[in-house]
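Here is the structure we will look at.
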Amino acid sequence: YVFQGGAARVFGGDPQRLVSPLQTMNVRYGDIWFTVQDAVTLVGTLLLFGLLWLVMNRTRLGALVRSVAEDPKLAQLFGINAARVYIGVFVFECAAVALGAGLVAPRSPILTSMGFDEVILTFVIVVLGGIGSVGGSLLAGFGLGMFTALFGALVSPAHTTAAAFLVLLAVLVL
């Protein structure tokens with residue numbers, strides 16, 4: 001809350017908008033329509049997931065990351081600099097978040113308090129998809145996204161995060 005308050009003090013508390021010409025272009029298929037920005041977001045996300053999967057499963061760098069994630073002490077015994085791998089993963093995560101924010105920013109107002117619900121839903125997605133599973137996280141993300149969209153449309157948009165946790169609880173208990 002300290003960072004949110006400080007950011008609101010520096011940048012102001014009013015919502016900001018990122019205007020994108022892609023947000024005004026629509027694509028229609030009968031009764032279904034979406035914006036070009038939505039298509040760019042979907043394609044960008046799928047490309048990032050595909051790239052991450054290729055790097056993690058088909059390169060030496062992915063093997064290094066997996067070995068450090070599995071057992072950092074053993075990886076260090078084999079001469080792998082675990083601290084450098086941690087820093088590299090952190091830099092990649094920051095770049096992925098920046099890309100995601102840039103793709104989603106034209107669709108929603110930008111606030112100093114934004115991101116909390118996304119972090120919670122990300123936790124639910126990673127647990128449902130399987131920690132360390134890129135493909136599982138992708139499927140869990142699509143599934144939970146569809147569930148929360150339908151829940152918000154049919155029941156209440158204010159309770160979608162709680163509903164996502166109920167899904168997680170149901171999966172963990174059953």
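Overview of results
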quantity: Residue in region 59-70 that is more than 22 Å from the chain's Cα centre (by Cα), loosely packed, with under 15 Cβ neighbours inside 10 Å and not in a helix (DSSP H, G or I) present; calculated: yes
quantity: Neighbours by Cβ (under 8 Å, 6+ apart or cross-chain): first from region 104-122, free of Cβ contacts under 8 Å to residues at least 40 places away in the same chain; second among the aliphatic types (A, V, I, L, M) and surrounded by 14 or more Cβ atoms within 10 Å (Cβ to Cβ); calculated: 108/114
quantity: When residues of region 121-132 are limited to those that are loosely packed, with under 14 Cβ neighbours inside 10 Å and more than 11 Å from the chain's Cα centre (by Cα), the one nearest to residue 167 (Cα to Cα); calculated: 130
quantity: Region 1-24, subset open to solvent by 100 Å² or more (accessible area, probe 1.4 Å) and either in a loop (DSSP other than H, G, I, E, B) or among the aromatic types (Phe, Trp, Tyr) (or both), residue nearest to residue 39 (Cα to Cα); calculated: 24
quantity: Test: residue in region 104-120 that is open to solvent by less than 40 Å² (accessible area, probe 1.4 Å), over 21 Å from residue 61 (Cβ atoms) and in contact with a Gly (Cβ under 6 Å, 6 or more places away or on another chain); calculated: no
quantity: Subset of region 140-174 that is of a type outside the set (A, V, I, L, M) and open to solvent by 90 Å² or more (accessible area, probe 1.4 Å) - its residue that is farthest from residue 46 (Cα to Cα); calculated: 159
quantity: Evaluation of residue 54 against (1) of a type outside the set (Gly, Ala, Ser); (2) assigned to a helix (DSSP H, G or I); (3) free of Cβ contacts under 8 Å to residues at least 40 places away in the same chain; (4) surrounded by 15 or more Cβ atoms within 10 Å (Cβ to Cβ) (one fails), failing number; calculated: (4)
quantity: Test result for residue 43, in a helix (DSSP H, G or I) and either open to solvent by less than 40 Å² (accessible area, probe 1.4 Å) or within 29 Å of residue 112 (Cβ to Cβ) (or both); calculated: no
quantity: Checklist (1) touching a helix residue (DSSP H, G or I) at 6+ places or on another chain (Cβ under 8 Å); (2) open to solvent by 30 Å² or more (accessible area, probe 1.4 Å) applied to residue 137, failing item; calculated: (2)
quantity: Members of region 25-40 found to be surrounded by 11 or more Cβ atoms within 10 Å (Cβ to Cβ) and assigned to a loop (DSSP other than H, G, I, E, B), listed by number; calculated: 25
quantity: Search result, residues across region 14-33 that are free of Cβ contacts under 8 Å to residues at least 24 places away in the same chain and under 18 Å from residue 102 (Cα atoms); calculated: 21, 24, 25
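The values are calculated or read from the model by the stated rules, or taken from the named source; none is laboratory data. Every value quoted in this text rests on a predicted model; they were computed, and no experiment measured them. Here Cβ is always computed from backbone atoms with ideal geometry, including for glycine, and neighbour counts include all displayed protein chains. To get the accessible areas, we keep the full protein, side chains included, count just its heavy atoms, and leave off ligands, DNA and RNA. Shrake-Rupley method; radii C 1.70, N 1.55, O 1.52, S 1.80 Å.
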